[in-house]
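Engineer: Handing you this structure, nothing more for now.
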Amino acid sequence: MRIPLRFGDGYETEAEVVTFTGLEDGLEHLALGLGAFDAVDVPLVRPHSECLTGDVFGSQRCDCGAQLREAAERITDAGGWLLYLRQEGRGIGLYNKLDAYALQDQGLDTYAANRALEFADDERDYTAAAQMLAALGVRRAALLTNNPDKPARLRELGLQVEAVHRTGVHLRPANAHYLRAKAEQTGHALDLGGLLGRAA
Ligand SMILES: Nc1nc2c(ncn2[C@@H]2O[C@H](COP(=O)(O)OP(=O)(O)OP(=O)(O)O)[C@@H](O)[C@H]2O)c(=O)[nH]1
Ligand SMILES: [Zn+2]
């Protein structure tokens, strides 16, 4: 079914929303077909992990809301799919993410806070995303992400990744520490200019 979308800055597009049955984790992941998603040879695909605080409320602590908005426009222009994956808090859930935020306010970085709560740095699994793409008939894709783990995992799950495109860098005072940890510790392709290598 089609849903007209309007983002906070007034950007408008329209999505073909697809639901699934039989996904291995039983979660209600969504695929949004944007632009000429059904006519392109190699669709642009963003696997976007849910972030209620960033995506819905516009939290400045992370870059998720800005990346979602950017992805909507770039995928509309290129033709492809936004996979909205219900992997809140890198898979630890909303309440645990908020507990991790409290620890970050005491000085831990985003990964150390996860470990203090006895989680792995990143608990996400992309099996359901691969199942969704297979069900949509997408065997080859260009991915929109800075996270090297996403193309690596999706390749292992059988997707032919033709290209990986970076998102913009949505750097703000409130998310600088978070982006720096992603770039330094998990190899996210984020050009943070003078921020990298400097004391936080
Ligand atoms: N546990 C935890 N999760 C966080 C924190 N900040 C943001 N997140 C979650 O991290 C995830 C970010 O997902 P994505 O936008 O797919 O980003 P990414 O894996 O960093 O890579 P990109 O594709 O480059 O954006 C979301 O699920 C957020 O809820 C944090 O401090 N702790
Ligand atoms: Zn976020």
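What follows draws every value from the coordinates through simple rules; no lab data is involved. These numbers come from a predicted model, not from an experiment. Backbone-built Cβ (ideal geometry, glycine too); neighbour counts: all protein chains shown.
Engineer: Between beta-carbons, use under 13 Å as the cut-off and find the net charge around CYS64, counting Lys and Arg +1, Asp and Glu -1.
Structural biologist: Charge balance in the 13 Å sphere: +2.
Engineer: Could you pull the Cα extents of the chain along its three principal axes, largest to smallest, in whole Å?
Structural biologist: So the three principal-axis extents are 48, 35, 29 Å.
Engineer: Hey, got the dipole for the range 1-41? About the Cα centre, +1 on K and R Cβ, -1 on D and E Cβ, debye to the nearest 20? If you can, show how the numbers build up before the last one.
Structural biologist: Working: 2 positive and 9 negative charges, 36 e Å.
Computed charge dipole of the range 1-41: roughly 180 debye.
Engineer: What GluC sites (Glu not before Pro) does the range 2-36 have in DSSP loop regions with at most 14 other beta carbons within 10 Å?
Structural biologist: Working: sites: GLU12, GLU14, GLU16, GLU24, GLU28; in loops: GLU24, GLU28.
In loop regions of the range 2-36 (DSSP not H, G, I, E or B), the sparsely surrounded GluC sites (Glu not before Pro) are GLU24, GLU28.
Engineer: How far apart, in nm, are the 7 Å Cα→Cβ label points at PHE7 and ALA135?
Structural biologist: 2.6 nm
Engineer: How much of the DSSP beta bridge set in the chain is antiparallel, as a percent to the nearest 5?
Structural biologist: Roughly 50 percent of the DSSP beta bridges within the chain come out antiparallel.
Engineer: Also: Going out from 0 in 10 Å bins, what whole percent of all Cα-Cα distances in the range 83-163 drops into each bin?
Structural biologist: Per 10 Å bin, starting at 0, the Cα pair percentages come out as 17, 41, 26, 14, 1.
Engineer: Helix 94-105 versus the longest principal axis of the chain: what angle, 0 to 90°, nearest 10, using Cα atoms?
Structural biologist: 30 degrees
Engineer: Below 8 Å, C-alpha to C-alpha, sequence gap of six or more: please give me the relative contact order for the range 104-200 in percent.
Structural biologist: Rounded, it is 25 percent for the range 104-200.
Engineer: If each DSSP helix of 4+ residues adds -39,500 (n - 2.57) and the sum is divided by the residues in the chain, what number results at 222 nm, nearest 500 deg cm²/dmol?
Structural biologist: Computed ellipticity for the chain at 222 nm equals -9000 deg cm²/dmol.
Engineer: Report the GluC sites (Glu not before Pro) located in the range 117-200 that are in a DSSP loop and have at most 15 other Cβ atoms inside 10 Å of their Cβ, or state none.
Structural biologist: Qualifying residues, ordered by number: GLU118, GLU123.
Engineer: Using mean Cβ contacts within 10 Å as the protection proxy, how do 59-67, 75-83 order, highest first?
Structural biologist: So the order, starting with the most tightly packed, is 75-83, 59-67.
Engineer: Moving on to the next point. Mind checking the angle between helix 176-185 and the chain's longest principal axis? C-alpha axes, 0 to 90 degrees, to the nearest 10.
Structural biologist: 80 degrees
Engineer: Which whole-number percentage describes the relative contact order of the chain, with Cα contacts under 8 Å and a sequence gap of 6 or more? Write out the running numbers ahead of the final one.
Structural biologist: On the way: 327 pairs, mean separation 39.5, N = 200.
Computed over the chain, the figure is 20 percent.
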